[in-house]
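A quick write-up on the structure given underneath.
The values are calculated or read from the model by the stated rules, or taken from the named source; none is laboratory data. Quick caveat: nothing in here was measured; it's all calculated off a predicted structure. Virtual Cβ from ideal backbone geometry, glycine too; neighbours counted across all protein chains shown. When the accessible area is computed, the model is the full protein with side chains, heavy atoms only, and any ligands, DNA or RNA have been set aside. Shrake-Rupley method; radii C 1.70, N 1.55, O 1.52, S 1.80 Å.
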Amino acid sequence: MDKLYEGKAKILYTTDNPGVLLSHFKDDATAFNARKRGTIVGKGQINCSVSAHLFRLLEGAGVATHFIDQTAPDEMQVKTARILPLEVVVRNIAAGSLTQRTGLQSGTVLKHPLVEFFYKNDELGDPLVTTDHIELLELATPSQIQQLRELSLRVNSLLQRFFEQCGITLVDFKLEFGIDQTPGSSGGILLADEISPDTCRLWDSNSSDPQARVLDKDRFRLDLGGIEGAYQTVMERILAQPV
Ligand code: TMP
Ligand code: ASP
């Protein structure tokens, strides 16, 4: 196995099969464009298991993903894909950078889900981009942008309903997509990367305390403590719900 790419939270390896990559989930945690670094013990296994479960849920509902199989607690096989340099964020409740950008109060329920695109570029600090910027920079075609928006909203509806059953409020989340590059494929769009407490804001529906309810990476970003316990809670509640 050769290392193809190492990111902040995962390592991708090639395999003997050109259509299959191995994704290894690390315990490393970063925030604020890696200016803050740390380790969340057990995160790799939790994020891998949570992502596998949610990818299965989405595949079952007809959303094409890169997920093939979970092969170890912190490893999954995924389809070879060319990742689009975009982060698609969907928000149901105002939090994080939306509150800083708009002055909306954290916790404000949005009338409709909001879709935002960020340019995946560490040097630039992953800036928010408009669809015109995306076309200008040729990061995706107009038809791909439309598909990304529709797919992300569909994923939001499915995840929101699922998390609700787990007693978790889906505040917002980030998705990444790729173009299917498995041999013989027609090059469709695949949901890629991961869906985990690293990439979602998840609030415990049973708590209204603004700090106690946080079950996601904001515990690390904002130094709230109790990170491992929160991640463990998310995993237990999610895996308890069959998909
Ligand atoms: P934001 O409010 O900081 O823009 O984050 C929106 C969502 O995207 C939140 O659920 C956390 C997730 N996210 C990532 O997965 N990776 C990132 O690098 C950032 C900044 C946010
Ligand atoms: N992935 C981000 C980084 O370190 C952090 C975040 O999720 O806030 O750049």
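So here's what we get for this one:
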quantity	calculated
Lone unmet requirement of (1) within 14 Å of ligand 2 (Cβ to nearest atom); (2) more than 21 Å from F162 (Cβ to Cβ); (3) in contact (Cβ under 8 Å) with a residue 60 or more places away in the chain; (4) open to solvent by less than 50 Å² (accessible area, probe 1.4 Å) for T30	(3)
Members of segment 210-237 found to be open to solvent by less than 40 Å² (accessible area, probe 1.4 Å) and under 15 Å from C200 (Cα atoms), listed by number	V214, L215, D216, K217, D218, R219, F220, I227, A230, Y231, V234, M235
Selection from segment 167-182 of residues that are within 16 Å of ligand 2 (Cβ to nearest atom), of a type in the set (A, V, I, L, M, F, W, C) and either modelled with pLDDT under 95 or touching a Phe, Trp or Tyr at 6+ places or on another chain (Cβ under 9 Å) (or both)	V171
Qualifying residue in segment 82-92 (condition: farther than 26 Å from D2 by Cα and basic (K, R))	yes
Residues of segment 136-152 classified as in a helix (DSSP H, G or I) and surrounded by 15 or more Cβ atoms within 10 Å (Cβ to Cβ), total	7
Residue within segment 150-166 that is touching a strand residue (DSSP E or B) at 6+ places or on another chain (Cβ under 7 Å) and within 13 Å of ligand 2 (Cβ to nearest atom) present	no
Qualifying residues in segment 99-116 (those that are within 16 Å of ligand 2 (Cβ to nearest atom) and in contact (Cβ under 8 Å) with a residue 24 or more places away in the chain) - the one least open to solvent (accessible area, probe 1.4 Å)	E116
Matching residues, segment 177-202, being part of a strand (DSSP E or B) and farther than 27 Å from G107 by Cα	F177, G178, I179, D180, I189, L190, L191, A192
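Listed here are the residues, each with its yes/no results for (1) crowded, with 17+ Cβ neighbours inside 10 Å; (2) assigned to a helix (DSSP H, G or I).
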position: K8; (1), (2): no, no
position: G44; (1), (2): yes, yes
position: G62; (1), (2): no, no
position: E87; (1), (2): yes, no
position: V90; (1), (2): yes, no
position: S97; (1), (2): no, yes
